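The structure under discussion appears below in the form of structure tokens.
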Amino acid sequence: MADPPAGRRAGRGQRSARPADGGPAASQGASQAAGEQAVLDLLTNGTLEVAGRLVDASNLTMYCTVSGEAAEAGCVYKPVAGERPLWDFPEGTLAGREVAAYAVSRAAGWNVVPPTVYRDGPFGPGMCQLWIDIEESVDLLALARSSDHAGLRQMAVFDAVVNNADRKIGHLLPAPDGHLYGCDHGVCFGAEYKLRTVLWQWRGKRLPGKAVAALERLNEVLGPGGELAAELSRWLEPEELDATRARVELLIEHKVHPYPPADWPAVPWPPV
């Protein structure tokens, strides 16, 4: 089996690739919605071929190409069969949680998660996510410590919503155009508060107005009968969906970034 693309780091979260047509990322420009839907269609219906494995990943993670009649792209494929059982998350649910994280990111307008779908593949059903070019010149350690990066702060709010238990520095994907993505959201949406992240620099600080507006959008579509609620119910237990609603409501009520949990490690290990 081949290595991932030459000259690119293959560690967890250090991912890079581009759609074969050389076009801009799906989250850019006035045609964002149409472009993103085209990527989702390609990820869902395209022919998936394994090109290599990311050997440093905790679970079985494949670098693949996905091709259709008019387009081709690099992607990450994580089959459910390759998930390592965890004591605090139901077995076989990590791929679905990655899809749920993308749904939240998209509904809020944050676009911090690359387009992600659930589909069948060479090793069975699993998560398939667009592979993102990273800007190799960005110092990830410095980026993670930044307190004035709007995209990073936006990601911190997203993590609070999805209750991310594993936001490592290596899960930050700064694209060449300046947009910041994140990856590896399989251990999110726990019903108990277990936010574990390297992004605590805004703890207790007032949320930006744009963040509050995004949370209010989420609150609308997370209610009973809401489009996002219906989507998340496919991947989460009822108590996990209820807890997600409660976290959004709490953030709107207090309008501040959360504090670390008192009975849970605040930072993932290793942090990189």
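The values are calculated or read from the model by the stated rules, or taken from the named source; none is laboratory data. These figures come from a predicted structure and were not determined experimentally. Here Cβ is always computed from backbone atoms with ideal geometry, including for glycine, and neighbour counts include all displayed protein chains.
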Scanning region 96-128 residue by residue, the ones that are of a type in the set (G, A, S), under 11 Å from the mean Cα position of the chain (by Cα) and surrounded by fewer than 24 Cβ atoms within 10 Å (Cβ to Cβ) total 1
Of the residues in region 166-187, those that are under 18 Å from Y102 (Cβ atoms) and surrounded by fewer than 18 Cβ atoms within 10 Å (Cβ to Cβ) number 1
Every listed condition ((1) over 19 Å from A266 (Cβ atoms); (2) surrounded by fewer than 23 Cβ atoms within 10 Å (Cβ to Cβ)) holds for G190 save (1)
Residue set A229, A262; condition aliphatic (A, V, I, L, M), over 19 Å from G151 (Cα atoms) and at pLDDT 95 or above; output residue A229
Filtering region 206-241 for residues that are part of a loop (DSSP other than H, G, I, E, B) and either exposed (fewer than 13 other Cβ atoms within 10 Å of the Cβ) or among the small types (G, A, S) (or both) leaves a count of 6
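Here's the yes/no breakdown for (1) in a helix (DSSP H, G or I); (2) in contact with a Pro (Cβ under 7 Å, 6 or more places away or on another chain); (3) over 21 Å from V272 (Cβ atoms):
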site	(1), (2), (3)
A81	yes, no, yes
V99	yes, no, yes
V104	yes, no, yes
P122	no, no, yes
M127	no, no, yes
M155	yes, no, no
Filtering region 244-272 for residues that are surrounded by fewer than 18 Cβ atoms within 10 Å (Cβ to Cβ) and touching a residue at least 60 places away in the same chain (Cβ under 8 Å) leaves a count of 9
Take L143 and decide whether it is within 22 Å of P270 (Cβ to Cβ) and buried (at least 24 other Cβ atoms within 10 Å of the Cβ). no
Taking region 131-149 and keeping only residues that are assigned to a helix (DSSP H, G or I) and in contact (Cβ under 8 Å) with a residue 24 or more places away in the chain, one is left with L140, L141, L143, A144, R145
